[in-house]
Amino acid sequence: MTIRTVGIIGAGQMGNGIAHVFALAGYDVLLNDINPDSLQKALATVDKNLERQVSRGKVSAEDKAAALARIRTTPVLAELGPSDLVIEAATENETVKQKIFDGILPHLKPETILTSNTSSISITRLASRTDRPEKFMGFHFMNPVPVMQLVELIRGIATDKPTYEALKGVVEKLGKTASSSEDFPAFIVNRILIPMINEAVYTLYEGVGNVQSIDTALKLGANHPMGPLELADFIGLDTCLAIMNVLYDGLADTKYRPCPLLTKYVEAGWLGRKTQRGFYDYRGEVPVPTR
């Protein structure tokens with residue numbers, strides 16, 4: 001199963017990062033988004049991030065130019081049909097993802113591998129609504145994609161071995177490391193990480209500490225590079241809440257109950273860095289805690 005062309009659905013933070021690493025590894029990439037402005041912004045982001053790698057001596061100027069030349073964009077979902085591999089990297093909402101799969105399925109080649117970059121949703125359930133459950137997998141990249149070394153590979157109950165082996169080979173070609181997870185809510189990384197963030201929000205909610213003290217405690221006391229609330233802002237509080245809800249609904253255990261304060265922030269539209277306010281306010285020169 002040879003993969004040369006890759007279609008990526010969604011040009012946001014994850015989609016442009018995935019396009020970056022695939023193009024740099026020699027794949028021809030077609031990046032799709034319903035918003036043409038998002039496609040232009042994605043190309044600018046890839047350019048900037050590649051330039052950063054050039055300045056640090058990790059990538060040559062020639063490799064940067066070649067990678068950018070391998071990325072094309074389109075607002076038309078059907079144009080991704082001839083791709084050998086399709087990666088859905090849209091918002092963490094099952095209804096949205098299902099609508100995307102329904103839209104692209106009639107245009108795919110029979111041998112195309114279809115994947116989702118979902119961070120928590122059941123791969124078996126997503127696959128069961130397609131015409132190729134045996135060629136469907138979870139292909140979960142970490143954020144920021146060009147920097148993070150891990151890719152979670154999640155097989156649904158119907159995923160066949162050639163599909164798994166093909167994606168494992170792709171991960172190796174990208175220069176990253178694959179970790180195989182069974183298809184349970186939130187898989188491995190987010191099953192552990194997001195409840196930790198939720199617990200940090202409970203610690204804030206109950207007044208055990210303020211934003212600054214909680215983040216400082218985990219950075220210096222547990223040697224984490226970012227505090228949990230700072231990390232939540234980076235991930236997006238809406239994404240953190242969505243994953244907690246998947247865990248709570250899927251495992252029916254009260255230990256996964258989302259903190260009411262996390263829900264309140266999301267209801268306020270304070271989603272973290274992407275909206276300039278979350279547990280920190282990013283509108284000034286230096287982030288300021290909001291509690």
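What follows draws every value from the coordinates through simple rules; no lab data is involved. As the structure is a computational prediction, the values presented were derived from the model and not from experiment. Here the Cβ is made from the backbone with ideal geometry for all residues, glycine too, and neighbour counts use every protein chain on show.
Rounded to the nearest 20, the size of the Cβ-charge dipole of the chain about its Cα centre is 340 debye, with Lys and Arg at +1 and Asp and Glu at -1.
Going down the list Lys97/Lys219; Lys219/Lys255; Lys176/Lys255, which pairs span over 31 Å between their C-alpha atoms?
Lys97/Lys219; Lys176/Lys255
Each Cα pair under 8 Å and six or more residues apart adds its sequence gap; the mean of these over the residue count of the chain is a relative contact order of 13 percent. Among the GluC sites (Glu not before Pro) in the stretch 190-291, those placed in a DSSP loop whose Cβ has at most 16 other Cβ atoms within 10 Å are Glu206, Glu285. Taking Cα Rg over 2.2 N^0.38 Å as calculated from this structure, the corresponding entry among (1) 1.01; (2) 0.92; (3) 1.05 is (1).
Taking the DSSP beta bridges in the chain as the whole, what percent of them are antiparallel, to the nearest 5?
Numbers: 9 of 34 bridges.
Here the antiparallel bridges make up roughly 25 percent for the chain.
For the stretch 136-174, chymotrypsin sites (Phe, Trp or Tyr not before Pro) meeting the loop criterion (DSSP other than H, G, I, E, B) and having at most 11 other Cβ atoms within 10 Å: none.
An oblate overall shape is assigned to the stretch 121-218, the ratio a/c of its alpha-carbon gyration tensor axes (a ≥ b ≥ c) being 1.5 or greater and a/b not exceeding b/c.
Taking a ≥ b ≥ c as the square roots of the Cα gyration tensor eigenvalues, the stretch 15-57 comes out oblate, since a/c reaches at least 1.5 and a/b does not exceed b/c. Across the stretch 33-108, the relative contact order, built from alpha-carbon pairs under 8 Å that are at least six residues apart, equals 32 percent. Going by a ≥ b ≥ c, the root eigenvalues of the Cα gyration tensor, does the stretch 191-289 fall in the rounded group (a/c under 1.5), the prolate group (a/b larger than b/c) or the oblate group? It comes out oblate by the Cα gyration axes.
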